[in-house]
Amino acid sequence: MQDSFSNKILCFGELLLHFVPDSKGNWLNEQSLKTFIGGAEYNVASALAQWNNPVKLLSALPENFIGNQLENQLKNKGIEILAEKCNGRIGTFYLSSEGDMQNTSVVYDRFPSVFTQSDFSHFPFDEIFSEVNWLHISTITPALSENAYQKCMNLMQEASSRNITVSLDLNYRAALWQGKNPSEKIKKMMPFVNVLMGNIWSIQQFLDIPIEYELNGSFEDENLLKQAEKSASEIQKQFPNVEIVANTFRFTKAEEVNYYATMFISQQFLVSEKYYSYKIEERVGSGDSFMAALIHGKLKENPVQQILDDAAKVAFRKLFVKGDTIDESINIEKL
């Protein structure tokens, strides 16, 4: 059972270094490569910590100066780090600010890494879940190794037994699943999920819930909303433990972007304000900032429409912040 003072959010996932070569190759001539700390669960943890939420990150770090420096950086951000440590290397990926995580412009270098090789046996559940009232995982993590998948399952089962809320972000990265069908594994996780975030396409990919409406690929297509509501309703029929289903919609064409989000809760289907910009600065981390804002708003017991509106606004504003995480310009209490 939870302690009376349980208030921490636990995130489990791989901590990464994100190298940012410019698309024209000037980094080679200048011998300078911009680097960010990244990883889906870390991005969520970082935003939550910036908004003064107590946060833990369960991950893996190399037993060397890089691991030590990363650990200090997280502590300085106010993130409590539970790090499985061993000899090895940190996972990395290469992506320019003009690139997108969903396509071939991202280059992963994560196999092997200390995370993909870890058996996650160092920390007992009582230490992991001490003071915790929320567990967050993304579907990137179970794609990385069988041990990581089993740890996801074990953490979710244990959280459920302790009445801890569990959220799952349906992030799909084809390069990480390496041709494998992920739906069997993700469906086994779903009975423990209370809050689900994704989009109608990732729901189809992971949960085999089909897109039944004919879509024309347009931002203005009303069938997108119909499908989002139908997909969410079907999720709750199959997995009645899921209380919230959030869908995000981001349409990019060259530098232009249209964005909005939906949420299905207590048989209500809510739609956020719609946003547009002729130019964006960054494509990484928008979905993670949406997830962080959703968690923040739910824990503060904000009205459900406000939770959705704040999350959508935060996610849209992240498109103009360089790097993987939000910065001080995005204060969720002063949107």
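Key figures
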| item | result |
| --- | --- |
| Subset of region 19-52 (residues that are more than 28 Å from THR116 (Cβ to Cβ) and either touching a strand residue (DSSP E or B) at 6+ places or on another chain (Cβ under 6 Å) or among the charged types (D, E, K, R) (or both)) | ASP22, LYS24, GLU30 |
| Of all residues making up region 254-280, the number that are more than 20 Å from ILE295 (Cα to Cα) and of a type outside the set (Phe, Trp, Tyr) | 9 |
| Region 209-245: number of residues that are part of a loop (DSSP other than H, G, I, E, B), over 24 Å from VAL44 (Cα atoms) and either open to solvent by 80 Å² or more (accessible area, probe 1.4 Å) or hydrophobic (A, V, I, L, M, F, W, C) (or both) | 12 |
| Residues that are closer than 22 Å to GLU281 by Cα and open to solvent by 60 Å² or more (accessible area, probe 1.4 Å), drawn from region 246-270 | ARG250, THR252, LYS253, ALA254, GLU255, GLU256 |
| Residue in region 110-130 that is closer than 22 Å to GLN238 by Cβ and either touching a Phe, Trp or Tyr at 6+ places or on another chain (Cβ under 7 Å) or not polar (S, T, N, Q) (or both) present | no |
| Unmet requirement for VAL166, which otherwise passes all of (1) of a type in the set (A, V, I, L, M); (2) open to solvent by 10 Å² or more (accessible area, probe 1.4 Å); (3) not in a helix (DSSP H, G or I) | (2) |
| Listing of helices (runs of 4 or more DSSP H) fully contained in region 1-101 that carry 1 or more residues being at pLDDT 95 or above and surrounded by fewer than 18 Cβ atoms within 10 Å (Cβ to Cβ) | 65-76 |
| Test: residue in region 176-197 that is under 19 Å from PHE93 (Cβ atoms), touching a residue at least 60 places away in the same chain (Cβ under 8 Å) and in contact with a helix residue (DSSP H, G or I) (Cβ under 6 Å, 6 or more places away or on another chain) | yes |
| In region 103-157, the residues that are outside any loop (DSSP other than H, G, I, E, B), open to solvent by less than 10 Å² (accessible area, probe 1.4 Å), of a type in the set (Phe, Trp, Tyr) and within 20 Å of PHE192 (Cβ to Cβ) | TRP134 |
| Residue within region 281-297 that is crowded, with 23+ Cβ neighbours inside 10 Å, in contact with a strand residue (DSSP E or B) (Cβ under 9 Å, 6 or more places away or on another chain) and among the polar types (S, T, N, Q) present | yes |
| Region 312-322, residues that are over 17 Å from HIS296 (Cβ atoms) and surrounded by 21 or more Cβ atoms within 10 Å (Cβ to Cβ) | LEU319 |
| Residue in region 193-208 that is at pLDDT below 95 and open to solvent by less than 40 Å² (accessible area, probe 1.4 Å) present | no |
| Single residue of GLU30, GLU41, GLU80 found to be over 23 Å from SER6 (Cβ atoms) and of a type in the set (Asp, Glu) | GLU30 |
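The values are calculated or read from the model by the stated rules, or taken from the named source; none is laboratory data. Since we're looking at a predicted model, the values are computed, not measured. As a convention, Cβ positions derive from the backbone with ideal geometry for all residues, glycine included, and neighbour counts pool all protein chains shown. SASA here: full protein model, heavy atoms, side chains in, ligands and nucleic acids out. Shrake-Rupley method; radii C 1.70, N 1.55, O 1.52, S 1.80 Å.
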